[in-house]
Amino acid sequence: MRKNLTARKYWVVMILILGLTLFACNKKVVKPEAAGTAAGAAETPKVELEIKGKTFSQTMELGNVPFDFDSYEISPAAREVLIKNGEWLQENPDKEILIAGHCDERGTVEYNLALGDKRAKAVRDYYYRLGIKYERMATISYGKEKPLDLGHDEEAWAKNRRTETLLKK
């Protein structure tokens, strides 16, 4: 019993350290997008992240890459988004990007952080095969901590299984 309690304390401390490290590495500033959204439509927040002194933000030019449940494989739907994003990135060779991996709420924190990391790296590697240099790209995983949709059904989960490609400001 004592051995299990000690192991449990160890993992709790490790998770807290990981969480604090992720928190210390980025700053999230939520700003509403430009005015002029359709009447009745919810405003989508614009996310800005600061990592290692660089600020990254979402842009309409780069779409989110969808993933299947429990997978980091690039699907045909994901390929379409990646090819379009890759074309834009090739036309803008001075832009640096941050690829953020996300998961749905199912699974443990540790599992989803690892899966989000694999998703971000799969996207990074696909961009590389499209001709985008590694030096322009960084990756981060948020696991299940930053959902797009707070629902608890397949429709919400599908929106949350994604990577976002953020641009350096």
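Bear in mind these aren't lab numbers, they're just calculated from the coordinates by the rules spelled out. Quick caveat, the model's predicted, so the values are computed rather than measured. Using ideal geometry, Cβ is built from the backbone for each residue, glycine included, and neighbour counts are taken over all protein chains shown.
Structure summary
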quantity	calculated
Tensor-based shape of the range 48-169 (alpha-carbon gyration tensor, a/c under 1.5 rounded, otherwise prolate or oblate)	prolate
Cα centroid of the range 84-98 to Cα centroid of the range 144-169, whole Å	21
Inter-label distance for GLU145 and GLU73, nm, one decimal - labels placed 7 Å from Cα along Cα-to-Cβ	2.9
Exposure proxy order (Cβ contacts within 10 Å, fewest to most) of ASP94, ASP104, ASP117, ASP125	ASP94, ASP125, ASP117, ASP104
Relative exposure of SER141, SER57, judged by other C-beta atoms within 10 Å (fewest first)	SER57, SER141
Sequence of ILE132, ILE97, ILE83 once ranked by neighbouring C-beta atoms within 10 Å, starting from the fewest	ILE83, ILE132, ILE97
Above-threshold pairs, the threshold being 27 Å between Cα atoms, out of LYS9/LYS168; LYS9/LYS121; LYS54/LYS133	LYS9/LYS168; LYS9/LYS121
Lys, Arg +1 and Asp, Glu -1 on Cβ, resulting dipole of the range 45-138 about Cα centre, debye, nearest 20	240
